[in-house]
Amino acid sequence: MTREYLEDLHGMFNASNEARSLFERVAGAPARSRQDVLTDMEKLRKTVGLTYTLLALYRQQVNSGFVLADPLKTEGKHSKEFFDPDTGITFRLQWNPLRELRKDHALLVERNVVAENVDETRLINRRGDGKACYLCKTNIDVQNPGEILFEIDLAGEKFYAGANFAYMANNHFTIMNAEHCPQRYRKETPTVLNDFVCKTEGYFRAIFNGRAGASIEWHEHIQATTEHFPIEQIRIDGKHVVHESKEIRISHPFYYIPVWVIEGRNKGSVELVTDRIVEIWQELNQNDHTENIIAAGSGARYRTFVILRDRNKLAASKSGKKGAMAAFETGGNIILSCSAGSRRNELDEKHTFDNAGLDTVKQLLKEISPDRRSCLHLLDKVSANICA
């Protein structure tokens, strides 16, 4: 399967024999060859482009063992799909216990995900408990010997793209700001997301988790994957459209957690409306309101999904999902990985998966849905302030 996948990639990007050879050299490089890999990646970016270059890096991180399992291999993983006629979405539920390998410290050391002996004096940006930031490049260079970061300019700012070692989808990257700043939505966020989608020619989707699912809230980052989100299939009827012009369409389709879809050919207009919707939502409750954002591209059309969240409703434990749900889950791709095993009174996500149906997915999303009154207030304000 891997060989077929790679051949399809080479063909899709019309890669020359020289580019293919360079791709394979990057993908096959050993774990501790950061500088050689980066030099080859710069050559690839200049000749074929950013997307092909990132795909080469991801395969290197899989092949070297930094990514804890290969997303292209199905052993040990299972999935179910449920078509929902009410939304038009085919939801995906995945059982992937390999994600739990991220808790095995001995394995992480063996795979060069973390260093066994770290010179603590070289670490920067520590929290009150003394732990150094996991997403600062200086610290990654010291603490994560197998990780290779690739510099990218997004919206005029420096970011670093690195493969997520405990992946949730194929080609799953964490893209962290070069500056140490908190994971908080800002007006530039939609532009950063769209710039990444644009520079990867719509092949990647980009996501931002505000204070709803971001595991590291003290350093700004986005995530990306080449896999489609089921929510991209959402049915939008005329009754769901709040505003439409030649430049933009703003809609609020039926879904089990409130979502706004902003789409159009004018990138600036899409970003402006996205920012205004998030701004109004946060103003309604500055303590608790937050968001998941998914940005995708289709041809010359930009599509942004703003999924409304409440910090008091991050997990859906009553419906069988342990831990906070973020954009992957609210986007319709729900990953389950935690098995109770011999531990008593622990939620068993394997049981959830085995017994799941469409109603399970609906309940998981409904359980984390914000208060309906706040969502109606947002609808009124968007209609009055943006769509008038």
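The values are calculated or read from the model by the stated rules, or taken from the named source; none is laboratory data. Remember, it's a predicted structure, so these values are computed and weren't measured experimentally. Glycine gets a Cβ as well: all are built from the backbone with ideal geometry, and neighbour counts include every protein chain shown.
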Region 44-57 residues that are basic (K, R), paired with ones that are buried (at least 19 other Cβ atoms within 10 Å of the Cβ) and part of a helix (DSSP H, G or I) (beta carbon under 7 Å, 6 or more apart) | R45/T53
A214 being farther than 29 Å from R32 by Cβ, modelled with pLDDT under 95 and buried (at least 19 other Cβ atoms within 10 Å of the Cβ) = yes
Looking only at region 28-44, decide whether some residue is within 24 Å of the chain's Cα centre (by Cα), of a type in the set (K, R) and closer than 25 Å to C198 by Cβ.
-> no
Picking from F165, F159, F196, the residue that is touching a residue at least 12 places away in the same chain (Cβ under 8 Å) and in a strand (DSSP E or B) would be F159
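Let's see how each residue does on (1) within 14 Å of N209 (Cα to Cα); (2) at pLDDT below 95:
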{"site": "W281", "(1), (2)": "no, no"}
{"site": "N285", "(1), (2)": "no, no"}
{"site": "T290", "(1), (2)": "yes, no"}
{"site": "I293", "(1), (2)": "yes, no"}
{"site": "S298", "(1), (2)": "no, yes"}
{"site": "R309", "(1), (2)": "yes, no"}
{"site": "K322", "(1), (2)": "no, yes"}
{"site": "E329", "(1), (2)": "yes, no"}
Check whether at least one residue in region 361-378 is touching a strand residue (DSSP E or B) at 6+ places or on another chain (Cβ under 9 Å), acidic (D, E) and modelled with pLDDT under 95, and report yes or no.
-> yes
Test: Y185 is assigned to a loop (DSSP other than H, G, I, E, B), within 17 Å of the chain's Cα centre (by Cα) and modelled with pLDDT of 95 or more | yes
In the list T87, T191, T138, which residue meets the criterion of being surrounded by 14 or more Cβ atoms within 10 Å (Cβ to Cβ), modelled with pLDDT of 95 or more, in a loop (DSSP other than H, G, I, E, B) and touching a helix residue (DSSP H, G or I) at 6+ places or on another chain (Cβ under 9 Å)?
-> T87
Please find, within region 90-105, the residue that is surrounded by the most Cβ atoms within 10 Å (Cβ to Cβ) out of those that are at pLDDT below 95 and of a type in the set (D, E, K, R).
-> R99
Screening L101, L107, L93 for residues that are touching a residue at least 12 places away in the same chain (Cβ under 8 Å) and in a strand (DSSP E or B) leaves only L93
For region 212-248, enumerate the residues that are more than 14 Å from the chain's Cα centre (by Cα), in a loop (DSSP other than H, G, I, E, B) and not hydrophobic (A, V, I, L, M, F, W, C).
-> E217, H219, R235, D237, S245, K246, E247
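The rows are residues; the columns are (1) assigned to a strand (DSSP E or B); (2) among the aromatic types (F, W, Y); (3) in contact with a strand residue (DSSP E or B) (Cβ under 7 Å, 6 or more places away or on another chain).
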{"site": "E271", "(1), (2), (3)": "no, no, no"}
{"site": "D275", "(1), (2), (3)": "no, no, no"}
{"site": "N287", "(1), (2), (3)": "no, no, no"}
{"site": "A296", "(1), (2), (3)": "yes, no, yes"}
{"site": "F305", "(1), (2), (3)": "yes, yes, yes"}
Restricting the search to region 8-34, which residues are touching a Phe, Trp or Tyr at 6+ places or on another chain (Cβ under 8 Å), in a loop (DSSP other than H, G, I, E, B) and without any contact (Cβ under 8 Å) to a residue 60 or more places away in the chain?
-> F13, A15
Options F83, F91, F13: the member that is in the same structural domain as V142 (by TED's automatic domain parsing) and more than 18 Å from A169 (Cβ to Cβ) = F83
